[in-house]
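Working notes for the structure below.
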Amino acid sequence: MDFKCALADALYEGIRGAYGECALAPEELMQALEVPPDTAMGDYAFPCFKLSKALRKSPVAIAESLTETVKADFLGKTEAVKGYLNFFVDKAMYARQVVEGALAAGDGYGADNSGAGKTCVLDYSSINIAKRFHIGHLSTTMIGNSLSRLYRFFGWNTVSVNHLGDWGTQFGKMIAAYKRWGDRETVMRGGVDEMVKLYVRFNAEAKENPALDDEGRAWFKAIEDGNPEALEIFNWFKSVTLKDAEKVYELLGVQFDSYAGESFYNDKMQPIIDELEAKGLLKEDQGAKIVDLEPYGMPPALILRSDGATLYITRDLAAAKYRKDTYHFDKSLYVVAYQQDLHFKQLFKVLELMGYDWYKQCEHVNFGMVSFEGQTLSTREGRIVYLEDLLNTSIQKAREIMEEKSPDLDNKDEVARQVGIGAVVFFILYNNRRKDIDFWWDRALNFDGETGPYVMYTHARCCSVLRKAGACDAQPDFAALTDGGAQDVVRLIEQFPGVLKAAFDKSEPSMITRFSVDLAQAYNRFYYESKILDEDLSVRAARLTLTRAASQVIRQALYLIGLEAPERM
Ligand code: ARG
């Protein structure tokens, strides 16, 4: 990025040198720079027709004249070909500029402050109370975590919200079941599993005995009315669920600023309903209140049921408004599965109809489903994979591999945790987020595949090379980095800032995940092709410098998708 920027500056000066003026600003020139399909045509090309109107000259003539005036120490030569100005970069200078630039910027390489003073609210993970954290919630948790890191990287202030699913008639049923068959000790011991059992039993028995449903409804009303006993049990369920979830969050290294869930909005919905009414948006429909969305090709948004109960979208309307009023966000992201596409379309449309211009700042970051070794997951049929079990299994498997590969490693437990978690998360963040994912153990944990362990291993390899080399004070000779293998690594390092920007713009962490694989593969090719600890100390110094830059960028890429980079493995 910086490099392209320097080239754009040189081009700008060259154009002014030849014509006394330049119709395009340096940033526009940078945008216009292309990468030719074939390196024989140069490393960059500028299509001169972009200037022909302003200069009233043919692209061919412009290209010709610019070969004389565009100069920079990092340019090997420039060539005019069919109206294009082709730049051949001096490879040694290029390597030097990129590698030294990256190292000087350190962990801030690719960062900028474009988000300074701006706030982004990110709604992710958003688990449901009295249900176990299953693999389906991993995508939202890790995409959201990655995006919040990325936003902070670009200078934004972020607010991470876990919009807990802690409202609904099922909680009345659970209390009813608990009062009938449960006891505190068993639930304490069994945690969420025990609550799920109670709920399943309730539903089974209610089929035979419909009176149970009335009991459930009565308890739900009791929660709504603030009955102390009902609230006490309900809040206790909540804290047991959160304690379980906390273990998973800790393994994953994920944190939240707020756990304001659905129940938080209990007293914040009436003003919204009044407002909808006052703005003439509410319609009666068989006793229920709806916002008609027919003109926009959507089913109506159901705001109040005929029994007066509020709905998921009613809470989301209150939540959206609350977040705007409280955090004054410039962006508000909802990282939620694509099954809820319609819900968010409706939500944003209702906000728009209410006259809230900031609906444009809201975005649904959706993602696909996860299946497990070819099987879809279904709570009802008992095919669920619990995240905590999955992560622990992965750590265990990683540990076995470590035991075999590097038996002398000191901190095997720590590394097994980093690699085990890394394998799972990397797999989840590897594909475009809208694609469905089928999780397979052997693919996630393959140390030679396009996986987390592979990338982490490459990082550890860089660290090991640097450790072995020790201090090397020689001046690097960047001509040692002009062959294909080294240049590929340099080029990828140069592209990193652009990849991060694109990942940010598209809310697509997978671009970073894939990039990390590309860089790891390129580095490994370089590692096998070139003797890093060369006898010529200036050559050695150059190769070590490249190694240091590669390891820094891999570590940073992993950090931005939520992972750690062990130094030894
Ligand atoms: N709890 C919901 C679920 O698990 C996701 C909530 C998403 N956030 C929101 N504001 N609607 O499906």
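The values are calculated or read from the model by the stated rules, or taken from the named source; none is laboratory data. Please read all numbers here as calculations on a predicted model, not as lab measurements. Don't worry about glycine lacking a Cβ; one is built from the backbone with ideal geometry, like all the others, and counts go over all protein chains shown.
For (1) of a type in the set (S, T, Y); (2) farther than 22 Å from K324 by Cβ, each residue gets a yes or a no:
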position	(1), (2)
S126	yes, no
R152	no, no
G172	no, yes
E185	no, yes
A206	no, yes
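Search segment 63-78 for residues being over 15 Å from L33 (Cβ atoms) and not polar (S, T, N, Q), and hand back the single one that is modelled with the lowest pLDDT.
In this case the residue turns out to be D73.
Please count how many residues of segment 104-129 are more than 12 Å from the ligand (Cβ to nearest atom) and not charged (D, E, K, R).
Here is the first cut: in segment 104-129, the ones more than 12 Å from the ligand (Cβ to nearest atom) are 104-120.
Checking the rest, the ones that are also not charged (D, E, K, R) come to 104-106, 108-111, 113-117, 119-120.
Final tally of qualifying residues: 14.
Determine whether S65 is away from the ligand (no atom under 16 Å from the Cβ) and buried (at least 17 other Cβ atoms within 10 Å of the Cβ).
Values: away from the ligand (no atom under 16 Å from the Cβ): yes; buried (at least 17 other Cβ atoms within 10 Å of the Cβ): yes.
So S65 fits the description; yes.
Hey, any hits in segment 145-161 for a residue that's within 12 Å of the ligand (Cβ to nearest atom) and of a type outside the set (D, E)?
Filtering segment 145-161 down to residues within 12 Å of the ligand (Cβ to nearest atom) leaves 161.
From what's left, of a type outside the set (D, E): 161.
There is at least one residue in segment 145-161 that is within 12 Å of the ligand (Cβ to nearest atom) and of a type outside the set (D, E).
So which residues in segment 330-345 are free of Cβ contacts under 8 Å to residues at least 60 places away in the same chain and either touching a Phe, Trp or Tyr at 6+ places or on another chain (Cβ under 9 Å) or surrounded by 22 or more Cβ atoms within 10 Å (Cβ to Cβ) (or both)?
Listed by number, the residues that qualify are Q340, H343, F344, K345.
How about segment 391-504: which helices (runs of 4 or more DSSP H) wholly inside it have at least 3 residues that are more than 24 Å from F367 (Cβ to Cβ) and in contact with a Lys or Arg (Cβ under 8 Å, 6 or more places away or on another chain)?
Per the criteria, 412-428, 452-469.
If you scan segment 61-101, which residues turn out to be more than 20 Å from D483 (Cα to Cα) and aliphatic (A, V, I, L, M)?
Residues satisfying the conditions are A61, I62, A63, L66, V70, A72, A80, V81, L85.
Looking at (1) within 16 Å of the ligand (Cβ to nearest atom); (2) over 14 Å from the mean Cα position of the chain (by Cα); (3) in a helix (DSSP H, G or I); (4) β-branched (V, I, T), which one does T141 not meet, given that it meets all the others?
(2)
If you go through segment 349-386 one residue at a time, how many are under 24 Å from R433 (Cβ atoms) and at pLDDT below 95?
Looking only at that region, the number is 15.
Look at segment 272-295 and say how many of its residues are more than 16 Å from L317 (Cβ to Cβ) and within 35 Å of the chain's Cα centre (by Cα).
2
Report, by residue number, each residue of segment 530-569 that is modelled with pLDDT under 95 and surrounded by 24 or more Cβ atoms within 10 Å (Cβ to Cβ).
Within segment 530-569, just M569 meets the criteria.
Taking P476 as the residue in question, decide whether it is over 24 Å from the mean Cα position of the chain (by Cα), crowded, with 21+ Cβ neighbours inside 10 Å and in contact (Cβ under 8 Å) with a residue 40 or more places away in the chain.
Spelling it out, P476 is indeed over 24 Å from the mean Cα position of the chain (by Cα), crowded, with 21+ Cβ neighbours inside 10 Å and in contact (Cβ under 8 Å) with a residue 40 or more places away in the chain.
Considering segment 18-62 alone, what residues qualify as being of a type in the set (K, R), exposed (fewer than 13 other Cβ atoms within 10 Å of the Cβ) and not in a helix (DSSP H, G or I)?
R56, the sole residue that qualifies.
Could you tell me how many of the residues in segment 89-117 are surrounded by 17 or more Cβ atoms within 10 Å (Cβ to Cβ) and in contact (Cβ under 8 Å) with a residue 40 or more places away in the chain?
16
Go through segment 196-234 and give me each residue that's of a type in the set (S, T, N, Q), loosely packed, with under 14 Cβ neighbours inside 10 Å and in a helix (DSSP H, G or I).
none
Considering L353, L390, L347, L377, which residue is away from the ligand (no atom under 16 Å from the Cβ) and over 21 Å from the mean Cα position of the chain (by Cα)?
Of L353, L390, L347, L377, the one residue that is away from the ligand (no atom under 16 Å from the Cβ) and over 21 Å from the mean Cα position of the chain (by Cα) is L353.
Please verify whether segment 175-183 includes one or more residues that are surrounded by fewer than 20 Cβ atoms within 10 Å (Cβ to Cβ), within 27 Å of the chain's Cα centre (by Cα), farther than 28 Å from T310 by Cα and of a type outside the set (K, R).
no
Filter segment 173-187 for residues that are among the small types (G, A, S) and in contact with an Asp or Glu (Cβ under 8 Å, 6 or more places away or on another chain); which is nearest to the ligand (Cβ to nearest atom)?
A176
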